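The values are calculated or read from the model by the stated rules, or taken from the named source; none is laboratory data. Predicted model, so just to flag it, every value in this text is computed and none were measured. With ideal geometry, Cβ positions are generated from the backbone for all residues, glycine too; neighbour counts draw on all protein chains shown. Only protein heavy atoms, including side chains, enter the accessible area calculation; ligands, DNA and RNA are left aside. Shrake-Rupley method; radii C 1.70, N 1.55, O 1.52, S 1.80 Å.
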Amino acid sequence: MSILLSNISKKFGAFSALDNINLEIPEGELVALLGPSGCGKTTLLRIIAGLERADQGRILISGQDRTEHDVSKRGIGFVFQHYALFRHMTVFENVAFGLRVKPRRDRPGEAIIRKKVHDLLNLVQLDWLHDRYPDQLSGGQRQRIALARALAVEPSVLLLDEPFGALDASVRKDLRQWLRNLHHDLNVTSIFVTHDQEEAMEVASQVVVLNHGKIEQQGTPSEIYDQPSNAFVSGFIGQTNVFDLGHQDADWLQTAGLSTLQQQGKIVHVRPHDIVIEKSTFDNDAFVILKDWQHLGALIRIELVKNSVTGQSASVYAEMPNEQFKLLRLNKGDKVDLKIRHAHWFH
Amino acid sequence: MSTTAQPINPGKLVERQQLALQDPDWVRWSLIVIALSFIGLFICLPLGLVIFKALSKGIEAYWEALSQPDTLAAIRLTALTAVVTVPLNTVFGVSAAWAITRFDFKGKSLLTTLIDLPFSVSPVISGLIFVLLFGAEGWFGDWLIEHDVKIIFAAPGIILATLFITFPFVARQLIPLMQEMGNQEEEAALSLGASGWKMFWSVTIPNIKWALLYGVLLCNARAMGEFGAVSVVSGHIRGLTNTLPLHVEVNYNEYNIVGAFAGASILAALAIVTLILKTALEWKSESER
């Protein structure tokens, strides 16, 4: 189901958590709400769920105004950051809860509940744990049970609050892939909150970047990465080198092959992989020295120090494939030349 | 008298102690001996003495003392007081704990402090408050006399004073537990379509049940055993407004030793049952964590 948020604002005392949020989420998308902590992303998710009330604005789910609907009548499934499984119930009863609390006329029979719960537990591949209690499960298992429980009521929208936040790195990687596949199979419109840009880029089909209660940009992961709409998004998504044209950098950037003449902006963001380095062929004043490098698997991250005429030095990061770096046969302390292939300009 | 200490698990305390913090043997043994002999001298010995004195003139005299109409009336009044106050304070305690842990409102910290008031005020004062309110010379005295409603020197006064004395017990047990648990499970229940009522009975109550029972148990023990506040409002009318603790005192003052200690033995038995149940509850809630 599609979701439409119009003019959502929320204040906590004097602090403005959300400021005039307008957002449209088409049916079947898997959307990440991405932003630093305190940016309002969890508040927005809770407002969509009905767990929190917006000070103003409307929430439409598949065209119907649900702003005044209680959380229990909104038709959403919510997966909590710390899972919030009912600790005194077995896994089976946890998943069955949403079916058992339905009003008598809508409540399915025991046989149907049984079948449905086992189907869901099979979907999350944990049917063998059906008679365990939550505290006997690992974090990853709890997460999947929480998901099965939320899916039991056949929600029109699935909302997940930091779904991988409390898991260790290896489990997180597996679950990300798994969630993507699950979403592909079920095709239920889903929104998840995360502060991890890598996670958002890897899992989501749409990313919404939030900062200070405002939407900075919405788009597919590649749009967000390749065409960041402002300096915040560019800096928040992936690594970036920031140069300020107000200082001595204009000349230097020109020697690196970047035309600064027709650009309107004053701040330049350059992705590390957009910097090409070569062994220096001639002496120049503003030389760049190779300081160190780190292996990131297939890539090498190169730490460079740029000395300016005024004696100030700044670090610049570049990335290139491992093989290519080996061919350059560079050592620490070597002078290098830079070529900047692409840059983003901001005010 | 006031017992609000959290359940403690003796095993856990020792486990945490580092070897470097262990005292030499003689210190350990003398502390253990002091603690045990103190308990023996001031708790076990008097308790034994109560039973010994109660039976000093034989079991028949004991039964006779217990089956006196005044004694039976005192037992009935004590039971009535508990039957009224414990459920009321259970409801109050759950509501107060809910309000304090789930909502933000002005005066919340004041409410939290006021819940403890009965613990910090002398029970005699608590009784006097009700005399000042409902006594013949009190604020509502004239109105009550006009309408022929008896509160002071009658069962309603005793129940009111006991309500006041015992209202912190349940709330004090629940507040720290509910604070620690947070409300995510309850939010989860609501998001799954449960009504507030359904959520309360199928999620909240199962999570707090042991602490709740523990609070109810302590509340009950105090309701049956309260002396000071009840003594002020009761008027000590035999067979009418004497609760069991008051009955014991009256008998004792009249040198009716068997009568006094027979009544006391019932209170002592109540205390022992309370202790056993309390230990069982602590064990149960510990094992479910």
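Remarks
- Taking segment A:34-52 and a reference point 7 angstrom along Cα→Cβ of A:Asp19, the backbone N atoms nearer than 13 Å belong to A:39-40.
- Contact order, relative form, for chain A: 17 percent (alpha carbon pairs under 8 Å, 6 or more residues apart, mean separation divided by residue count).
- A:Ser62 long-range amide H proximity, modeled H, under 5 Å: A:Ser2, A:Ile3, A:Leu4
- Of B:Leu47, B:Val230, B:Gly141, farthest towards positive along the dipole that unit charges on Lys, Arg, Asp, Glu beta carbons give chain B: B:Leu47
- Compared with the dominant principal axis of the Cα atoms in chain A, helix A:110-123 is inclined by about 20°.
- Mean Cβ neighbour count within 10 Å, used as a protection proxy, ranking B:259-267, A:317-325 highest first: B:259-267, A:317-325
- Segments A:89-99, B:79-89 sorted - mean Cβ within 10 Å per residue, highest first: A:89-99, B:79-89
- Beta bridges per DSSP with both ends in chain A, % antiparallel, nearest 5: 75 percent
- Alpha-carbon Debye profile of the protein assembly as shown, log10 I(q)/I(0) at 0.12 Å⁻¹: -1.21
- Residues A:Asp185, B:Asp23 ordered from highest to lowest accessible area at a 1.4 Å probe: A:Asp185, B:Asp23.
- Extreme residue, positive dipole direction of segment B:71-144, given options B:Ser109, B:Ser120, B:Val94 (C-beta unit charges): B:Val94
- Inter-probe distance in nm under a simple model that places probes 7 Å from Cα toward Cβ, at B:Asp142 and A:Trp345: 9.0 nm
- About its Cα centre, the dipole of segment B:178-289 is roughly 260 debye, where the only charges are +1 on Lys and Arg Cβ and -1 on Asp and Glu Cβ.
- Counts of other chain beta carbons within 10 angstrom of each beta carbon in peptide A:46-59 average 1.
- Amide hydrogen proximity for A:Val207: with H placed 1.01 Å from N in the peptide plane, the residues at 5 or more positions away or on another chain lying under 5 Å are A:Ala32, A:Gly219, A:Thr220.
- Whole-number D in µm² s⁻¹ for chain A, Kirkwood Cα-pair radius fed into Stokes-Einstein, 10 °C, 1.306 mPa s: 69 µm²/s
- Measuring between their Cα centroids, segment A:286-347 and segment A:1-51 lie 39 Å from each other.
- Shape class for chain B: oblate, because the ratio a/c of the largest to smallest gyration tensor axis (alpha-carbon atoms, square roots of eigenvalues) is 1.5 or more and b/c is at least a/b.
- Magnitude of the charge dipole, the protein assembly as shown, Cβ model with Lys/Arg +1 and Asp/Glu -1, debye to 20: 900 debye
- Shape class for segment A:1-65: oblate, because the ratio a/c of the largest to smallest gyration tensor axis (alpha-carbon atoms, square roots of eigenvalues) is 1.5 or more and b/c is at least a/b.
- Nitroxide proxy distance, nm - points 7 Å out along Cα→Cβ at A:Lys173 and A:Ser229: 3.4 nm
- Since only A:Ile215, A:Asn230, A:Val171 are under comparison, the one whose Cα sits farthest along the positive direction of the charge dipole of segment A:122-232, derived from C-beta charges on Lys, Arg, Asp and Glu, is A:Val171.
- Shielding score for A:80-89, defined as the mean number of other chain Cβ atoms within 10 Å: 5
- Summed over both chains, the contact between B and A buries some 1700 Å² of accessible surface at a probe radius of 1.4 Å.
- In terms of its C-alpha gyration tensor, segment A:86-137 comes out oblate, because a/c is 1.5 or above while a/b does not outweigh b/c.
- Computed from point charges on the beta carbon alone (+1 for Lys and Arg, -1 for Asp and Glu), the dipole magnitude for chain A about its Cα centre is near 1100 Debye.
- Spin-label pair A:Glu110-B:Leu275: with each label point 7 Å from Cα along the Cα-Cβ axis, the two points sit 4.5 nm from one another.
- Averaged over A:71-79, number of beta-carbon atoms from partner chains that fall within 10 Å: 4
- FRET efficiency, B:Lys150 to B:Glu249 (Cβ-Cβ, R0 25 Å, nearest 0.05): 0.65
- Probe 1.4 Å, protein heavy atoms only - accessible area per residue of the protein assembly as shown in square angstrom: 52 Å²
- Calculated FRET efficiency for the pair B:Met181/B:Ser120, C-beta based, R₀ 35 Å, to 0.05: 0.80
- For A:Asn241, distant residues with modelled amide H under 5 Å away: A:Val270, A:Arg271
- From the alpha carbon centroid of segment B:201-258 to that of segment B:128-193 is 15 Å.
- Förster-model FRET efficiency, 60 Å R0, A:Lys102 and A:Ser280, C-beta, rounded to 0.05: 0.25
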